[in-house]
Amino acid sequence: MKLAFSTLGVPGLPLTDVLGLATAHGYHGVELRAHPEEPVHPGLAPGERAAVAAGFKEAGVELLGLAGYSRVAAPGDDDAVIAEIRALLDLARDLGAPYVRVFPGGDADQSPEEADATAARRLGTAAEYATEVDVRILLETHDSHRTGADAMRVLGLVGHRQVGALWDVMHTWLGGEQPSESYLALAPHLGYVQVKDIASAEDTTPLPLGAGVLPLTEVVDVLSRHGWDGWLCWEYEKRWYESAAPLPELLVAGREHLARLLSDAA
């Protein structure tokens, strides 16, 4: 498995510095938070996009994916959501990213059936354009669809190879799902896995990997046991928790912890 980290952990950091952290600390790739607060987002001009792609190539770091914020199950107009996803897919194509992340974002006033159908309809439409640009859309286990079983209800309706799953291990755990259950649900569609650690279900402030309660050992074990060889991406949510320790000083220990888990699982 290859290791990456998300720029959610280094909010607003210039791309050259992000790439420097990856190369200095032994990470194979980076997931970019694609938001207007960040250096890389769908509003970039063509020349700026070319510079980003060239920066990754020069650094020898892979661009794992773009973490977007489209909410595919949310009530409202389909066209606006699909346009947002298309803009993210265009950016991914221009930068050479294989994946874009979307959220479920279902509303409490919706029935599960309505939320599933809304998400599947939009993803199915967006999948046709994703095929054209050769980028996969990944539905993250998050918010209204936090378990693998939840995500599979949508993915089963979509049934398109360009739409898959992003396994956020915190949300499946918060949803009461065991790693083996999450993997079996998501495996046919799995793009990559986001790892992290927290103190408890009540306190989700990000911690160094291995310092909290999330079942990272079990996650790596189940992935290894099934011969999965994709990406583990550390999503350290510094942007939402200003009091959390700075990510750069944790990167070496985080990589070493994941390497130990991989070695033990092997």
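The residue that is farthest from residue 29 (Cα to Cα), among those in segment 230-266 that are of a type in the set (Asp, Glu) and crowded, with 18+ Cβ neighbours inside 10 Å, is 237. Among residues of segment 1-27 that are over 13 Å from residue 253 (Cα atoms), those with a Cβ under 7 angstrom from a residue that is surrounded by fewer than 16 Cβ atoms within 10 Å (Cβ to Cβ) and among the acidic types (Asp, Glu), sequence gap 6+ or separate chain, pair up as 1/229; 11/37; 12/37.
Each residue in segment 110-161 was checked for being farther than 26 Å from residue 95 by Cα, more than 18 Å from the chain's Cα centre (by Cα) and of a type in the set (Gly, Ala, Ser), and 6 pass. Inside segment 39-59, residues that are touching an Asp or Glu at 6+ places or on another chain (Cβ under 7 Å) and open to solvent by 60 Å² or more (accessible area, probe 1.4 Å) make up a count of 0.
Scanning segment 43-73 for residues that are without any contact (Cβ under 8 Å) to a residue 40 or more places away in the chain, within 21 Å of residue 23 (Cβ to Cβ) and hydrophobic (A, V, I, L, M, F, W, C) returns 51, 54, 63, 66. Look at segment 228-260 and say how many of its residues are more than 17 Å from residue 183 (Cα to Cα) and not in a loop (DSSP other than H, G, I, E, B). Summing the residues that are more than 17 Å from residue 183 (Cα to Cα) and not in a loop (DSSP other than H, G, I, E, B) in segment 228-260 gives 17.
Contact map, segment 238-266: first residue closer than 23 Å to residue 17 by Cα, second residue open to solvent by less than 80 Å² (accessible area, probe 1.4 Å) and among the aromatic types (Phe, Trp, Tyr), Cβ cut-off under 6 Å, separation 6 or more or different chains; pairs are 247/236; 254/234. Of 119, 127, which residue is small (Gly, Ala, Ser), out of contact with any Lys or Arg (no Cβ under 7 Å at 6 or more places or on another chain) and touching a residue at least 40 places away in the same chain (Cβ under 8 Å)? Matching residue, one of 119, 127: 119. The number of residues in segment 116-148 being in contact with an Asp or Glu (Cβ under 9 Å, 6 or more places away or on another chain) and within 15 Å of residue 103 (Cα to Cα) comes to 12. Taking the criterion of being open to solvent by less than 30 Å² (accessible area, probe 1.4 Å) and touching a Gly at 6+ places or on another chain (Cβ under 7 Å), the residues of segment 60-91 that qualify are 61, 63, 64, 72, 73, 74, 88.
The values are calculated or read from the model by the stated rules, or taken from the named source; none is laboratory data. Predicted model, so just to flag it, every value in this text is computed and none were measured. Backbone-built Cβ (ideal geometry, glycine too); neighbour counts: all protein chains shown. Calculation scope for accessible area: heavy atoms of the full protein, side chains included, ligands and nucleic acids excluded. Shrake-Rupley method; radii C 1.70, N 1.55, O 1.52, S 1.80 Å.
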